[in-house]
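Below is one structure, written out as structure tokens, with a few remarks after it.
Every read-out reported here was derived from the displayed coordinates using simple, explicitly stated rules and does not represent laboratory data. All of these numbers come straight from a predicted model, not from anything done at the bench. Note that each Cβ is placed from the backbone with ideal geometry, even for glycine, and that neighbours are counted across all protein chains shown.
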Number of protein chains: 2
Amino acid sequence: MHQALPSPAIPRSADLPPALCILGLGLIGGSLARAAQPVIPVIGWSPSEGTRAAAAEDGYQVADSLENALGAAVQRDALVVLAAPVTTFRPLLSAIDEHSPEVRLTDVASVKAVVQDDVAELAPRARYIGSHPMAGTAASGWSAGTDSLFRGAAWVTCLTDDSDIDDWATVAGLALAVGSRVVPADPQAHDAAVARISHLPHLMALALAQVGEHGGALALSLAASSFADATRVAGTRPELIRAMCETNREALIGAMDDALGIMGVARGSLASTGSLLKIAEAGHRARTAFDGRADQLVQVRLDGDDMVDQLLSVGAAGGHVSGIDRGGDGLTVQAWYPDLD
Amino acid sequence: MHQALPSPAIPRSADLPPALCILGLGLIGGSLARAAQPVIPVIGWSPSEGTRAAAAEDGYQVADSLENALGAAVQRDALVVLAAPVTTFRPLLSAIDEHSPEVRLTDVASVKAVVQDDVAELAPRARYIGSHPMAGTAASGWSAGTDSLFRGAAWVTCLTDDSDIDDWATVAGLALAVGSRVVPADPQAHDAAVARISHLPHLMALALAQVGEHGGALALSLAASSFADATRVAGTRPELIRAMCETNREALIGAMDDALGIMGVARGSLASTGSLLKIAEAGHRARTAFDGRADQLVQVRLDGDDMVDQLLSVGAAGGHVSGIDRGGDGLTVQAWYPDLD
């Protein structure tokens, strides 16, 4: 049901930026360069000389300094994409405010509220729309990137009361062009959601990997797919896990408390009555609902003045945007929306 | 490095039983029937008439009653395999004691100490060697079985001070014949290990599925591979998860406390200092060690009087048995053993 490639009905000139300026060329930035290059000219930059050389060798246009990258972005009316670790955003935002203050700006960090605040503080004139493509692997670095990383993935695009719908359409157009489904969300709602379905799973994988190790060589030699799958993301570089989890502290603590509560009740029930009925039935029901969630979507068409609210409703209900049209009457959006009948 | 198929050097007549009698034809019993039939005649039985009919229709020899199945087992000197849910073992063991008291017996349940005790109580004359093939999928039933389920899997074979090494060799020979690597283990050590690498991962998946659901439709629509992989086994039928987890209560509580402790410390650290350094580094190191564990094995040859102790040492160190020979001097076992240099 998901649109895997941009439909020819999307007018490229209206909803794709004339160029992309990607700051940071690791797994996400490098994959975005590869995926976007066939439809939009890309300028890349990385603080690492080795990464810049590797990207240039692979045929990508690479600026030799941040200042030059931002200068080129202004000249070509590019959308600037912060694809560096979120812990390095503040100096980048200060540089943007100095060299390209009114540029179109997005980022691909896995937390959104703190970035929204940093942009408001350090680059307040930037036309910023936060985004978060929900794609990745345990690998990292320029060489790990692929042009297919975003295909079929959810790509969160953030909206607030201040958001400019045309700037949003530019970022959403990029996400559609690389094969993602666009999920509009409020920054706080995004952070609460990813704490539960991305950050907490990383912490549980890290804990489980240690519990297995404490069982010694016999336990590890018996480990089959349930252990291997459940600990896979513990193979991600620790500093990347820390960057995303520690910057989403408040929401993650809430998700951890939910998990600790469910596990603690199950532990008490097992110790006192020997039964795991409650966790077994509730967990199975939740997983079954998760598996069936995509089957209920119907296509809808959004237009009108309250577009921000309409888009946020689509995302909050579990839907996503699949196309954007510009006619004489302004913006029209096609979306998949849960059929609650 | 793992031997995927029986080596021609294994003398079939010595180490494979003349026939297999499989009681229970679900995913595990049905897969074992399919995998063993090419090398050993199989008699199957299930309490379900529909399952018996399905297996017979697929060309397998099926007894129409438990009594007849056990009678055939005695007549053909078969190895009886308990492949029904562990919660149904006690009446089966009483029937074995009545109809085939001295039969060679194994089981495939995911807990071993409680079954060892039940056999000692209810079928004390049976030549019992407990086993546990570490293979499975979220699917169940005769139709879910495949002849490749055990290939490359760890197959635990239990040894105690009372074990008859020839009976052990028969069960180990079956496991090798269906492509598994044989891991000798004490029943209690097995239960402690699987609590950590199988039962706890199921409970964590059940908890995480609920935490995701509590995040609502937006959270589930953003869930990518980290959530999908970490909750996959929550799709297993709740009664199967309960049967294996509730029968391993003591060891599982220990594993849950270990996990709750690690998560609780991380929660406290995140709330007080904002840091997840400890869980991130220890978990990553544990997962990396898990990934590298198979690279250190060297082949060794076991013989002599203290074979039970030697075999238990192999399993406890993370090694496994890959072949069994019978010469004039008795049993010789080839094993892969960790190279600790």
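Find every distance from the label point of A:Gln37 to the corresponding label point in the other copies (7 Å from Cα along Cα→Cβ) and write them in nm, one decimal, shortest first.
Shortest to longest, the spacings are 5.3 nm.
Partner chain Cβ atoms within 10 Å, averaged over the residues of B:147-159 - can you pull that number for me?
1
Viscosity 1.306 mPa s, temperature 10 °C: Stokes-Einstein D of region B:49-207 from its Kirkwood Cα radius, in µm² per second?
In µm²/s, the coefficient rounds to 96.
Can you give me the long-range amide H partners of A:Gly44? Hydrogens built in the peptide plane at 1.01 Å from N, cutoff under 5 Å, separation of 5 or more residues or another chain.
Residues meeting the amide H criterion: A:Ile22, A:Gln61, A:Val62, A:Ala63.
Do any trypsin sites (Lys or Arg not before Pro) in region B:68-174 lie in a loop, going by DSSP, with at most 16 other beta-carbon atoms within 10 Å of their beta carbon, and if so which?
Filter output for region B:68-174: B:Arg76, B:Arg125, B:Arg151.
For chain A, what is the mean residue ellipticity at 222 nm derived from helices alone (per DSSP H run of n ≥ 4: -39500 (n - 2.57); sum divided by total residues; nearest 500 deg cm²/dmol)?
-14500 deg cm²/dmol
For A:Val300, which sequence-distant residues (separation of 5 or more, or a different chain) have an amide H within less than 5 Å of its own amide H, given hydrogens modelled in the peptide plane?
Answer set, sorted by chain and number: A:Ala335, A:Trp336, A:Tyr337.
Could you list, bin by bin from short to long, the percent of Cα-Cα pairs of the protein assembly as shown in 20 Å steps?
All Cα pairs, binned at 20 Å, distribute as 18, 42, 28, 12, 1 percent.
Averaged across B:127-137, how many Cβ atoms of other chains sit within 10 Å of each residue's Cβ atom?
The shielding value for this peptide is 1.
How big, in percent, is the set of alpha carbon pairs in region A:11-54 lying more than 16 Å apart?
36 percent
Placing the label point 7 Å from Cα along the Cα-to-Cβ direction, what are the distances from A:Thr160 to the equivalent spots in the other copies, shortest first, in nm to one decimal?
Ordered by distance, the counterparts are at 6.6 nm.
Based on DSSP, what percent of beta bridges with both residues in chain B are antiparallel, to the nearest 5?
45 percent
Can you give the % of DSSP beta bridges in the protein assembly as shown that are antiparallel, to the nearest 5?
Of the beta bridges lying entirely in the protein assembly as shown, close to 45 percent run antiparallel.
Towards the positive end of the charge dipole of region A:34-96, with charges on Cβ (+1 Lys, Arg; -1 Asp, Glu), say which of A:Ala78, A:Ser48, A:Ser65 has the farthest Cα.
Toward the positive end, the furthest listed residue is A:Ala78.
To the nearest 20 debye, what charge dipole does the protein assembly as shown have about its Cα centre, counting +1 at the Cβ of each Lys and Arg and -1 at the Cβ of each Asp and Glu?
For this selection, approximately 520 debye.
If neighbour count is taken as other Cβ atoms inside 10 Å, put A:Leu32, A:Leu105 in order from fewest to most.
Ascending number of Cβ neighbours within 10 Å: A:Leu105, A:Leu32.
Return the average number of partner chain Cβ atoms within 10 angstrom of each residue Cβ along peptide B:181-194.
Partner Cβ neighbours, averaged per residue: 3.
Evaluate the charge dipole of region A:206-268 about its Cα centre and quote only its size in Debye, nearest 20, assuming +1 on the Cβ of each Lys and Arg and -1 on the Cβ of each Asp and Glu.
120 debye
Put a point 7 Å out from Cα along the line to Cβ at B:Ser269; what are the distances to that point in the other copies, in nm, shortest first?
Relative to the other copies, B:Ser269 has label-point distances of 3.1 nm.
Hey, what's the per residue convex hull volume over the C-alpha atoms of chain A, in cubic angstrom?
Here the figure is 152 Å³ per residue.
Under 5 Å between amide H atoms, partner at least 5 residues away or on a different chain: which partners does B:Val183 have, H built in plane at 1.01 Å?
Placed amide hydrogens put B:Trp155, B:Val156, B:Thr157, B:Val321 under 5 Å from B:Val183.
How many percent of the alpha carbon pairs in region A:170-252 exceed a separation of 17 Å?
Summing the P(r) tail past 17 Å for region A:170-252 gives 60 percent.
For region A:33-141, which GluC sites (Glu not before Pro) are both in a DSSP coil and crowded by at most 16 other Cβ atoms within 10 Å?
Loop-located and lightly packed - A:Glu102.
Computed over the Cα atoms of region B:85-154, what is the ratio Rg over Rh, Rh following Kirkwood?
That ratio is 1.02, to two decimals.
At 0.692 mPa s and 37 °C, plugging the Kirkwood radius over alpha-carbon pairs of region A:129-217 into Stokes-Einstein gives what diffusion coefficient in µm²/s?
217 µm²/s
Please give the charge dipole size of region B:19-100, origin at the Cα centre, charges +1 on K and R Cβ atoms and -1 on D and E Cβ atoms. Round to the nearest 20 debye.
Charge dipole, region B:19-100, about its Cα centre: 220 debye, nearest 20.
How large is log10 I(q)/I(0) at q = 0.10, 0.13 Å⁻¹ when the Debye formula is applied to the Cα atoms of region A:7-112, each weighted equally and without solvent?
Evaluating at q = 0.10, 0.13 Å⁻¹ gives log10 I(q)/I(0) of -0.25, -0.43.
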